[in-house]
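Notes follow the structure.
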Amino acid sequence: MKKTVLKPVVFVALATCNFFGCKEVVEDRSILESNIASKEITQLVVDLNDTGVKIQPTMYGIFFEDINFAADGGLYAEMVKNRSFEFLNPKMGWKEPNSNTHSHNTESGYLSPVKYTGENANQTYARVEVKGPKYELLNEGFRGMGIKKDAQYNLTLDAKKVSGDIQKIRFQFIDSLNQVLGESVIAAKGTSWTNYEGQLMANQTQMNAQLKITFEGTGVIDLDMISLFPEDTWKGRKKGLRKDIVELLDGLNPGFLRFPGGCIVEGRTLERRYQWKKTVGDIEDREILVNRWNTEFAHKPAPDYYQSFGVGFFEYFQLSEDLGAEPLPILSCGIACQFNTGELVPIDGLDPYVQDALDLIEFANGSTSTTWGKLRSDMGHPEPFNLKYLGVGNEQWGPAYIERYKVFHKAIKAKYPEIIIVSGSGPFPDGDQFEYGWEELKKMNAEIVDEHYYRSPEWFLENANRYDSYDRNGPKVFAGEYAAHPKDVEDGPKENNWLAALSEAAFMTGLERNADVVQLTSYAPLMAHIDAFQWAPDMIWFNNLETYGTPNYYVQKLYANNPGTDLLKITKDGQPLIGQEQLYASVVKDVNTNELIVKLVNTAEEGKRISLNMGDATLEEKGTVIVLQNEDRTQSNSFKSPKSISPKIDEIELKNGQLEIELEPSSLNVLKLKFKSV
């Protein structure tokens with residue numbers, strides 16, 4: 001930690017700049033030095049009088065949606081794609097390099113998917129006829145399998161010998177040159193379905209390994225639920241979540257976890273909507289579904305994008321509990337995605353959808369004597385999850401949504417009046433449908449309205465005062481999906497540049513300043529697989545081995561880890577700081593840590609001298625400032641430089657109730673000062 005002192009700003013050239021560029025350069029050295037010498041300090045005043053506005057514990061949360069291979073291939077640590085041969089193409093993800101459909105394959109063999117009618121949702125298995133030693137079955141994983149040297153990987157499968165003398169099944173990690181990187185051998189014994197377990201240890205690190213399966217002996221054998229997980233998962237849970245990803249989520253200190261989406265809730269059609277009841281119970285019995293992002297974008301086709309629901313509603317509730325976050329599930333309101341089919345359930349056909357909502361509350365909160373509470377208990381969690389919030393619909397709009405929302409609202413409040421219902425205002429932050437939705441929801445005394453905005457960095461700066469004029473007696477706001485989208489930037493990780501993150505930081509001072517209206521906020525989307533994404537920008541990027549937080553991630557982390565408990569005021573010339581001199585600010589106190597926390601965002605391309613007057617505050621003389629900064633606004637983090645833009649901590653010093661500090665160009669600054677103990 002080093003001490004921050006007030007120092008002059010040194011320029012080699014003087015430019016007339018705003019947030020998005022510079023126009024003229026002054027090269028006269030005497031003029032340059034004169035301007036520096038005469039540069040004034042911006043005077044800011046912090047009012048320590050209580051505003052009466054509390055910062056809600058849910059103020060900063062996270063929103064998870066299974067887009068960009070965020071669940072299967074990401075958060076869910078399963079390494080085998082199409083493990084139970086349930087994709088529409090049952091062999092997708094699997095290869096038989098020495099087999100030919102148009103041959104007898106006398107020296108190898110062949111796999112035939114078998115459809116059957118069973119009691120559960122797993123309706124396909126693989127029948128493998130092994131005729132010779134050349135038969136191989138490969139699984140490609142999710143754009144490969146990431147393995148680490150000396151790490152353990154747990155294998156499970158169901159198998160049944162049908163005929164012949166197959167004695168052993170060999171499982172191997174291989175690289176692109178067919179070199180073996182680890183193996184496990186299982187003795188095949190039973191002529192009835194038997195579950196087998198094994199373990200592979202990787203002898204080297206490989207980003208894109210594959211799983212190779214071979215057999216000793218010949219004959220016919222049935223295989224199902226071929227599954228592979230790292231031993232080292234989040235909290236060590238078997239068949240659990242990818243540890244490094246959850247650690248980044250945990251670092252965000254989220255107040256809530258919204259799940260499972262997003263448009264994933266709605267489905268392209270109602271038949272393909274997310275149905276939570278199909279995602280609980282035994283994992284092998286969960287019915288898979290084509291992911292709605294599978295074919296959404298023609299330039300980003302993902303025909304192998306499915307939902308295994310290995311991460312289902314139980315796992316989402318469990319993750320919420322792990323993170324200390326309020327669970328906030330979103331359910332279908334009986335309207336398919338209005339950007340796709342917009343298919344509607346008739347009003348008189350809504351009962352099953354409404355019952356799903358009521359049963360979900362029972363699943364989360366009900367006693368073990370109830371049907372759904374017992375299932376939760378049977379899955380390993382007899383205690384309630386203490387669900388408080390429930391979202392009805394994602395970003396539907398128009399009369400069709402309001403009409404259906406009323407049915408849900410009436411039924412939920414009649415049985416569970418304590419549940420806080422989250423409604424929606426559509427996919428855009430303005431327009432006639434947005435205004436209509438708000439008007440109707442106000443009439444109903446809606447509790448929380450979800451707003452979404454994906455806009456340019458300029459929009460975020462211009463709308464930092466968005467909620468200043470909102471009705472203080474109306475519904476509260478959930479800024480449920482937002483992200484700044486910089487223009488003319490290469491698709492992908494580079495969209496998560498400092499320009500976007502800095503504009504979000506400035507906008508978030510407005511969210512915090514209006515904490516009496518805005519009570520939940522979350523960036524979106526949460527994460528993306530670098531080799532399998534459909535949408536960018538995203539807050540977290542990962543590949544098969546690594547993950548990193550973007551500059552946007554660190555902005556969110558700084559706010560969420562320094563939320564405070566009580567809103568205070570910070571002004572310049574008696575007015576809130578909302579872009580004057582390209583500065584933005586908010587201030588809170590934290591009664592738990594006995595701290596004053598000031599967030600200052602300098603969106604200018606030059607440093608700013610700031611004086612903070614705290615009046616008669618009894619504050620410790622020394623404090624800290626956490627700085628997130630980069631003068632290159634096109635800069636982003638990467639796998640090679642994951643912390644290129646990340647927070648730095650310095651020391652600050654208060655003198656006579658005032659703090660003088662220089663804000664670096666293009667920076668987010670979080671100042672923390674302790675109140676003196678009385």
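Quick notes on this structure:
- For residue 630, no residue has an amide H sitting under 5 Å from its own, ignoring neighbours fewer than 5 places away on the same chain, with H placed 1.01 Å from N.
- Separation of the range 632-658 and the range 66-127, taken as the distance between their Cα centroids, equals 47 angstrom.
- Trypsin sites (Lys or Arg not before Pro) within the range 401-491: DSSP coil, no more than 12 neighbouring Cβ in 10 Å: 472, 487
- The DSSP beta bridges internal to the chain are antiparallel in roughly 75% of cases.
- In order through the range 209-215: 3J(HN,Hα) via Karplus (6.51 cos²θ - 1.76 cosθ + 1.60), integer Hz, x for Gly, Pro: 6, 10, 9, 10, 10, 10, 9
- Residue separation of residue 644 and residue 89 scaled by 0.36 nm, minus their Cα-Cα distance, works out to 195.6 nm of gained length.
- Relative to the dominant Cα principal axis of the chain, helix 551-560 is inclined by about 70°.
- Calculated FRET efficiency for the pair residue 235/residue 40, C-beta based, R₀ 51 Å, to 0.05: 0.40
- Nearest 10 degrees, 0 to 90: helix 351-365 Cα axis against the chain principal axis: 80 degrees
- Helix 313-323 axis versus longest C-alpha principal axis of the chain: approximately 40°, rounded to the nearest ten.
- Annotation: peptides 606-618, 334-346, ranked by per-residue average of other Cβ atoms within 10 Å with the highest first, follow the order 334-346, 606-618.
- Residue by residue, the range 229-235 carries 3J(HN,Hα) couplings of 10, x, 5, 8, 9, 4, 6 Hz when phi is fed to the Karplus relation 6.51 cos²θ - 1.76 cosθ + 1.60 (θ = phi - 60°); x denotes Gly or Pro.
- Calculated FRET value between residue 656 and residue 104, using beta carbons and R₀ = 60 Å, to 0.05: 0.05
- Helix-only mean residue ellipticity at 222 nm for the chain, each DSSP H run of n ≥ 4 adding -39500 (n - 2.57), per residue, nearest 500: -5000 deg cm²/dmol
- Karplus (6.51, -1.76, 1.60) ³J(HN,Hα), θ = phi - 60°, over the range 62-75, in Hz, Gly and Pro reported as x: 10, 10, 9, 9, 7, 10, 6, 6, 6, 9, 5, x, x, 4
- Separation in nanometres of the label points that stand 7 Å from Cα toward Cβ, at residue 406 and residue 347: 0.6 nm
- Where 527, 379 fall by accessible area, highest first, once all protein chains stay in place (1.4 Å): 379, 527
- For the pair the range 214-254 / the range 176-205, the C-alpha centres are spaced 14 Å from each other.
- With the simple model of a label 7 Å out from the Cα in the direction of the Cβ, residue 216 to residue 488 spans 6.5 nm.
- Sparse-neighbour loop sites [GluC sites (Glu not before Pro); the range 33-117; at most 10 other C-beta within 10 Å; DSSP]: 40
- Alpha carbon centroid spacing (whole Å) that separates the range 323-375 from the range 540-608: 36 Å
- Of the trypsin sites (Lys or Arg not before Pro) in the range 620-678, those whose Cβ has at most 13 other Cβ within 10 Å and which sit in DSSP loop: 640, 643, 676
- Pairwise label distance in nanometres, residue 116 with residue 416, each label 7 Å out on the Cα-Cβ vector: 3.7 nm
- Pairs exceeding 20 Å between alpha-carbon atoms, taken from 442/569; 388/672; 557/655; 148/238; 148/643: 442/569; 388/672; 557/655; 148/643.
The values are calculated or read from the model by the stated rules, or taken from the named source; none is laboratory data. Not measured: the values here are computed from a predicted model. As a convention, Cβ positions derive from the backbone with ideal geometry for all residues, glycine included, and neighbour counts pool all protein chains shown. When the accessible area is computed, the model is the full protein with side chains, heavy atoms only, and any ligands, DNA or RNA have been set aside. Shrake-Rupley method; radii C 1.70, N 1.55, O 1.52, S 1.80 Å.
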